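Chemist: One structure, pasted below without further comment.
The values are calculated or read from the model by the stated rules, or taken from the named source; none is laboratory data. Fair warning: this is a prediction, and the values are worked out from it, not measured in the lab. Cβ coordinates were reconstructed from backbone atoms using ideal geometry, including for glycine residues, and neighbour counts include every protein chain displayed. Surface accessibility is based on the protein's heavy atoms, side chains included, excluding ligands, DNA and RNA. Shrake-Rupley method; radii C 1.70, N 1.55, O 1.52, S 1.80 Å.
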Amino acid sequence: MIQNFTFLELSQVTSTQDVAHELARDGKLSHSMVIIAKEQTKGRGRYDRTWLSPEGGLYISIVLKPPLKLEYWSQISYVIGISLCEAIMHIDPTTVPKLKWVNDVLIGNKKVAGILLELIEGETLVVGMGVNLKANARVDELLGAHLDGKFKAEELLDVFLRRLKYNYNLWCDTGFEPIRTLWLRMAYGIGKAINVNLRTQTQSGTLIGIDDLGRLQLLDGATMRLISAGDVFFH
Ligand code: BTN
């Protein structure tokens with residue numbers, strides 16, 4: 001359960017994820033710690049991609065030790081995604097974010113936020129989240145999207161953490177089902193034709209939803225495929 005968050009606020013770091021790994025080595029990581037940086041010089045995304053992190057965005061890593069079996073821990077992506085969407089809609093009801101499997105937050109059909117899960121020694125989860133709050137030439141060049149400067153980092157973080165506390169505790173108490181329901185309500189592209197890039201192959205079909213464990217349901221002809229990890233592309 002999350003009771004209260006503790007904060008470590010830094011100005012420039014390589015990556016808030018790196019800071020978490022260093023603290024872990026020194027035995028200084030604790031559950032529900034939030035590491036915040038104004039700027040990252042080596043922000044990273046999924047599959048070792050770069051996450052451009054100029055000043056003006058929101059860059060955080062949250063340390064969690066879920067009281068559930070390790071096999072369920074990846075569901076935290078959904079808990080984080082819906083919490084961020086709820087926070088965005090709470091602050092500006094005219095902005096309607098969508099969630100693209102597995103952990104991208106979109107406005108329109110462009111990505112404004114990404115989530116990265118890293119496991120430390122099989123016992124601690126470090127959840128990194130980056131949000132592009134305003135326009136930046138380098139980010140825009142790479143076709144990244146942003147929240148138009150309408151959101152202040154402190155306010156967004158504050159509302160997000162309140163929603164996260166609620167949703168995380170709900171997940172710990174009752175399991176994945178209510179989180180799955182909320183995620184499906186905000187999901188992008190249900191019913192659309194997609195390609196999913198897996199490590200060594202691509203699978204195509206219709207996006208149906210997610211199952212009770214959080215796996216993507218892809219209907220390929222008459223076969224329902226369940227996918228745990230991959231990159232989704234819409235046609
Ligand atoms: C992705 O979409 O690929 C995930 C991006 C995650 C970026 C965040 S920013 C804060 C934290 N520190 C990092 O270096 N990465 C994550």
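Chemist: Go through segment 1-30 and give me each residue that's in contact with a strand residue (DSSP E or B) (Cβ under 6 Å, 6 or more places away or on another chain) and charged (D, E, K, R). Break it down into steps so the answer makes sense when it comes.
Modeler: Within segment 1-30, the first condition is being in contact with a strand residue (DSSP E or B) (Cβ under 6 Å, 6 or more places away or on another chain), and the residues that meet it are 5-13, 15-17, 19-20, 24, 29.
9 - this is the single residue of segment 1-30 that is in contact with a strand residue (DSSP E or B) (Cβ under 6 Å, 6 or more places away or on another chain) and charged (D, E, K, R).
Chemist: Of the conditions (1) farther than 20 Å from residue 85 by Cβ; (2) modelled with pLDDT of 95 or more, residue 137 clears all except one; give me its number.
Modeler: (2)
Chemist: Ok, one more. Restricting to segment 19-44, count the residues that are buried (at least 17 other Cβ atoms within 10 Å of the Cβ), under 15 Å from residue 118 (Cα atoms) and within 12 Å of the ligand (Cβ to nearest atom).
Modeler: Residues flagged as buried (at least 17 other Cβ atoms within 10 Å of the Cβ), under 15 Å from residue 118 (Cα atoms) and within 12 Å of the ligand (Cβ to nearest atom) within segment 19-44 amount to 6.
Here's the yes/no breakdown for (1) exposed (fewer than 15 other Cβ atoms within 10 Å of the Cβ); (2) modelled with pLDDT under 95; (3) in contact with an Asp or Glu (Cβ under 9 Å, 6 or more places away or on another chain); (4) of a type in the set (Asp, Glu):
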residue	(1), (2), (3), (4)
163	no, no, yes, no
178	yes, no, no, no
181	yes, no, no, no
185	yes, no, no, no
192	yes, no, no, no
198	yes, yes, yes, no
202	yes, no, no, no
207	no, no, no, no
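Chemist: Of the residues 6, 94, which is more than 24 Å from residue 229 (Cα to Cα), away from the ligand (no atom under 12 Å from the Cβ), of a type outside the set (Gly, Ala, Ser) and modelled with pLDDT under 95?
Modeler: One residue alone meets the criteria, 94.
Chemist: Can you list residue pairs whose Cβ atoms sit under 6 Å apart, with the first residue in segment 175-201 being of a type in the set (Ser, Thr, Tyr) and the second being open to solvent by 50 Å² or more (accessible area, probe 1.4 Å) and not in a loop (DSSP other than H, G, I, E, B)? Count only pairs 6 or more apart in sequence or on different chains.
Modeler: 188/98
Chemist: Take segment 48-87 and flag every residue that is within 12 Å of the ligand (Cβ to nearest atom), without any contact (Cβ under 8 Å) to a residue 24 or more places away in the chain and either on the phi > 0 side of the Ramachandran plot or more than 16 Å from the chain's Cα centre (by Cα) (or both).
Modeler: 48
Chemist: Let me ask something else about it. Please work out which one of (1) more than 7 Å from the ligand (Cβ to nearest atom); (2) within 18 Å of the chain's Cα centre (by Cα); (3) open to solvent by 50 Å² or more (accessible area, probe 1.4 Å) is the condition residue 12 fails and give its number.
Modeler: Every condition holds for residue 12 apart from (2).
Chemist: Give me the strands (runs of 3 or more DSSP E) completely within segment 138-235, filtered to those with at least 1 residues that are under 27 Å from residue 92 (Cβ atoms), ordered by residue number.
Modeler: 202-210, 231-234
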